[in-house]
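K.L.:
Take this structure, written in structure tokens, and hold onto it; I'll ask about it next.
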Amino acid sequence: MRPNEQTYPVYYQKYISLVKEDKVIEALTNNLESIKTIISNIPLLKEDFAYAEGKWTVKQVVQHTIDTERILAYRALRFARNDSQQPLPFDENAYAANSNVDAKKLSEIFEELQHVRLATISLYRSFNQEALLKMGYVASGQVSVVAIGFFICGHTLHHLNVVKERYL
């Protein structure tokens, strides 16, 4: 099922709207295939490229999607298990600055992304309909477990679109 707009903060809309699928497992799976296609077309010389001063490199962008997916999957797990405490926000720039991507190849980062995505798919397969509809609070408002799954996909698509448009 696709989340309706009453089950996530307005901020999520720009990301969720990028996802075309109607089922979260299908969206997560197809999204991984899109990621593979885009990353496989990034030339070696572009891995450490940033399109402007102060912008992330391609490797930092991909690592950011991994870090964000891990954090969001954890939030989905908490909400699905009725943990009512609001998780704290995270500083994406601090994560990027401390990600140690300079010591990695893009192929290694992509391998990590695949493992994280497969874990996310496995997590979402463990949720029944009731769990997918459960709600929790984040800094920007209330969100359902299923909306988090769609946000994960849309967030990744957003950043990969930026890579295609500004890095390649």
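The values are calculated or read from the model by the stated rules, or taken from the named source; none is laboratory data. Keep in mind that what you see is a predicted model, and the values were worked out from it rather than measured. Note that we place each Cβ from the backbone using ideal geometry, even for glycine, and neighbour counts take in every protein chain shown. What goes into the accessible areas is simple: the full protein's heavy atoms, side chains included, and nothing from ligands, DNA or RNA. Shrake-Rupley method; radii C 1.70, N 1.55, O 1.52, S 1.80 Å.
K.L.:
So which trypsin sites (Lys or Arg not before Pro) in segment 90-168 end up in coil per DSSP with only 13 or fewer other C-beta atoms within 10 Å?
P.N.:
Answer in residue order: Lys105.
K.L.:
Going by alpha carbons, how many degrees (0 to 90, nearest 10) lie between the helix axis of 106-126 and the longest principal axis of the chain?
P.N.:
So the inclination is approximately 10 degrees.
K.L.:
By how many degrees, between 0 and 90 and to the nearest 10, does the Cα long axis of helix 145-162 differ from the longest principal axis of the chain?
P.N.:
With both axes taken from Cα atoms, the answer is about 20 degrees.
K.L.:
Let me ask something additional. With the other protein chains left in place, how much accessible area per residue, in square angstrom, belongs to the chain at a 1.4 angstrom probe?
P.N.:
53 Å²
K.L.:
Let me ask something additional. On the accessible surface of the chain, probed at 1.4 Å, how many percent belong to carbon and sulfur atoms?
P.N.:
50 percent
K.L.:
Report the far tail of the P(r) of segment 32-161, meaning the percent of Cα-Cα pairs longer than 26 Å.
P.N.:
26 percent
K.L.:
Here's something else I'd like to know. For the chain, set up a Gaussian network in which alpha carbons nearer than 10 Å are linked by springs, and say which option among His64, His115, His158 fluctuates the most.
P.N.:
Residue with maximal mean-square fluctuation among His64, His115, His158: His115.
K.L.:
Which order do you get for Val58, Val162, Val10 if you rank them by accessible area with a 1.4 Å probe, largest at the top?
P.N.:
I get Val10, Val162, Val58, largest accessible area first.
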